[in-house]
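Take a look at the structure below.
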Amino acid sequence: MSRSVVITGSTSGIGLGIARAFAASGDNVIINGFGDRDEIEAIRASLDAQGSGTILYHPADMTKPIDIEHMILTARDRFGGVDVLINNAGIQHVAKIEEFPPEKWDQLIAILLSSAFHTMRHAIPLMKSQGKGRIINIASAHGLVASPFKSAYVAAKHGIMGLTKTAALELARDAITVNAICPGFVLTPLVEKQIPDQAREKGISEAEVKDEVLLRLQATKEFVAVEEVAEAAIYLASDAARSITGTHISIDGGWTAQ
Ligand code: NAD
């Protein structure tokens, strides 16, 4: 039977890769995120054509709790509940703490951390009434270790690791698992946007930014593929992963082994 899957920030990058994997499994999926209306409709239609499930787009802004509630209620009304919730939406801002715009700090914390609290608080009662559920938070290697100039991102990602563990303990007797995936660098628009800025700031080429800055700690010296993260999400959502809760899967090419 088709599951009901909600994936925040799935019009691009990792979220879109995860949406492709669940759509191909025949699940009903709510995709979400920003972008050009026609492009989003083309993405939705291509996902819809991939499997037997229905793919809907919801435009909820992850900084707006009221939008988030509406998105989860849409999953309830259209798909009968939420079986799998994937908190993935994200942005980045790179600056020294003393130069970090306070409004950027608030925006990153809202999108990367608070939005997961809001999706969860509305989805958990639905999962409890269904008698099972899966919550997967796309954290980051930056949920485990820090890098300079990414204070809001690192703080939010460490925060979501704590939220993951707390929710797992609260829901352990309800057949609802809560886990995080911690990718290293994946070459998505979120990362690509940082490359020209870093090249300019450091006075080096874009190729050098990739090799010497982004992949400096990624021992494999290769970017992680979106599909690798998507496959981990498919596994965590499966019955085989029922005893895995309150933990994380690192997919970081050895970064956090150091
Ligand atoms: P991306 O820029 O390709 O995609 C981000 C998605 O979030 C887009 O769909 C965008 O529209 C959406 N989004 C942004 N602000 C939003 C808002 N206010 N409301 C709703 N949607 C919003 O980025 P990505 O690299 O695929 O990142 C996805 C997640 O993976 C993020 O949480 C990111 O922190 C995490 N991550 C990425 C990497 C990486 O190297 N790319 C590594 C580790 C973790």
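Some values worked out for this structure:
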{"item": "HN-Hα J in Hz across the stretch 118-135 - Karplus 6.51, -1.76, 1.60, θ = phi - 60°, x for Gly and Pro", "result": "5, 4, 5, 5, 8, 7, 4, x, 5, 5, 4, 6, 7, x, 5, x, 9, 10"}
{"item": "Peptides 14-27, 124-137, 68-81 ordered by average Cβ neighbours within 10 Å, highest first", "result": "14-27, 124-137, 68-81"}
{"item": "Amide H contacts under 5 Å for residue 250, placed H, 5+ residues apart", "result": "182"}
{"item": "Rounded FRET efficiency, nearest 0.05, which uses the C-beta distance separating residue 221 from residue 146 and R0 of 35 Å", "result": "0.95"}
{"item": "Solvent-accessible ranking of 57, 235, 153, largest area first, probe 1.4 Å", "result": "235, 57, 153"}
{"item": "Compactness of the stretch 45-113, expressed as Rg and Dmax over alpha-carbon positions, Å", "result": "16.0, 51"}
{"item": "Overall Cα dimensions of the stretch 74-157, principal axis frame, Å, largest first", "result": "47, 24, 15"}
{"item": "Equivalent ellipsoid dimensions for the stretch 22-142 as semi-axes, Å, which come from the Cα gyration tensor, largest first", "result": "27, 18, 13"}
{"item": "Karplus (6.51, -1.76, 1.60) ³J(HN,Hα), θ = phi - 60°, over the stretch 13-26, in Hz, Gly and Pro reported as x", "result": "x, 4, x, 5, x, 5, 4, 4, 5, 6, 4, 5, 7, x"}
{"item": "Cα long-axis angle, helix 151-171 against the chain (0 to 90 degrees, to the nearest 10)", "result": "30"}
{"item": "Peptides 204-210, 92-98, 228-234, 180-186 ordered by average Cβ neighbours within 10 Å, highest first", "result": "180-186, 228-234, 204-210, 92-98"}
{"item": "Evaluated over the chain, the Cα radius of gyration and Dmax, each in Å", "result": "17.7, 56"}
{"item": "Convex hull volume per residue in cubic angstrom - Cα atoms of the stretch 118-181", "result": "66"}
{"item": "Computed Rg/Rh of the stretch 155-208, alpha carbon atoms with Kirkwood Rh", "result": "1.26"}
{"item": "In Å, descending, principal axis extents of the Cα set of the stretch 158-258", "result": "54, 26, 24"}
{"item": "Listed pairs 150/221; 132/157; 128/193 exceeding 32 Å between Cα atoms", "result": "128/193"}
{"item": "The stretch 15-147 - accessible surface per residue (Å², probe 1.4 Å)", "result": "44"}
{"item": "Accessible carbon and sulfur surface of the stretch 1-154 relative to its total accessible area, %, 1.4 Å", "result": "55"}
{"item": "Protein accessible area in the stretch 158-198, 1.4 Å probe - carbon and sulfur %", "result": "57"}
{"item": "Among beta bridges that DSSP assigns inside the chain, antiparallel share in %, nearest 5", "result": "0"}
{"item": "Probe 1.4 Å, protein heavy atoms only - accessible area per residue of the stretch 209-258 in square angstrom", "result": "55"}
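The values are calculated or read from the model by the stated rules, or taken from the named source; none is laboratory data. Quick caveat: nothing in here was measured; it's all calculated off a predicted structure. Cβ: placed from backbone, ideal geometry, glycine included. Neighbour counts: every protein chain shown. We work out accessible area using only protein heavy atoms, side chains counted, and drop any ligands, DNA or RNA first. Shrake-Rupley method; radii C 1.70, N 1.55, O 1.52, S 1.80 Å.
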